[in-house]
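No lab work stands behind these numbers, since they all come straight from the coordinates. Just so it is clear, the model here is predicted, and its values are computed rather than measured.
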Amino acid sequence: MVKPNNQFIMKFIVIFSFTLCIIVLFYGCKDEELLIKKTPYNGNELRIDGYYYRQLPPDKYKVFFFYRNGVMIYHIYILTDLQQVEDKIPSIYEEIKDDKLSWGVFEISGNKIQYSSWSTSVGGGLPAFKSIGVIENDSTFRISNSGIDRDGNNFEANDLYHFRKFSPKPDSTNRFIP
């Protein structure tokens, strides 16, 4: 009977450990699925012929574009007023159109709105989150729970968004949401 030598055993352990680390690394890098499904929006609870915005002090605006196909784009603009935001939308869209963190899906049921997108990650794949709110009228909605994750953890919010008519809207076609 042949006894394995220590050098062979050490090589085996190193190769096995390395292979295991690679498998774990690649498995952990998969982005999560969005928490709601893409559903076409055929209602009139919210206007979609422009964008919704929320001012974040002192000089930032969070902007959402909603589309009939159920897709949304959102981005935070660091500018002093909405006219500057509108002037920058075409050029900023070129920067964010390939950024998965700027895309998501939304769903409206009665006066309820929810949307799901991806969040930043410090390791591994991008986690998905969901936000839930209430539609106050066709040009105003309020997000009350923001950042609900797959495990049900969430952050309370009181974020009010207002509508502003805008054309032409950026294209909703993207490589992240089929």
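Helix 82-96: angle to the longest alpha-carbon principal axis of the chain, degrees 0 to 90, nearest 10?
Rounded to the nearest ten degrees, it is 30.
Under 22 Å between alpha carbons, and skipping anything fewer than 8 positions from Lys165 in its own chain: which lysines qualify?
Leaving aside lysines fewer than 8 places away in the same chain, those within reach of Lys165 are Lys60, Lys62, Lys88, Lys97, Lys112.
Which of the aspartates and glutamates could a cross-linker span from Lys100 if the Cα-Cα distance has to be under 18 Å and same-chain partners fewer than 8 positions apart are dropped?
The reachable aspartates and glutamates, counting only those whose Cα sits under 18 Å from Lys100, are Asp31, Glu32, Glu33, Asp149, Asp171.
Do you know the relative contact order of the chain, to the nearest whole percent, from alpha carbon pairs under 8 angstrom that are 6+ apart?
Values: 326 pairs, mean separation 42.1, N = 178.
Dividing the mean separation by the residue count of the chain yields 24 percent.
Run the Debye formula on the Cα coordinates of segment 50-165, all scatterers equal and no solvent, and tell me log10 I(q)/I(0) at q = 0.18 1/Å.
-1.01
Quick one: helix 6-28 against the long Cα principal axis of the chain, what's the angle to the nearest 10°, folded into 0 to 90?
Helix 6-28 and the main axis of the chain meet at about 10 degrees.
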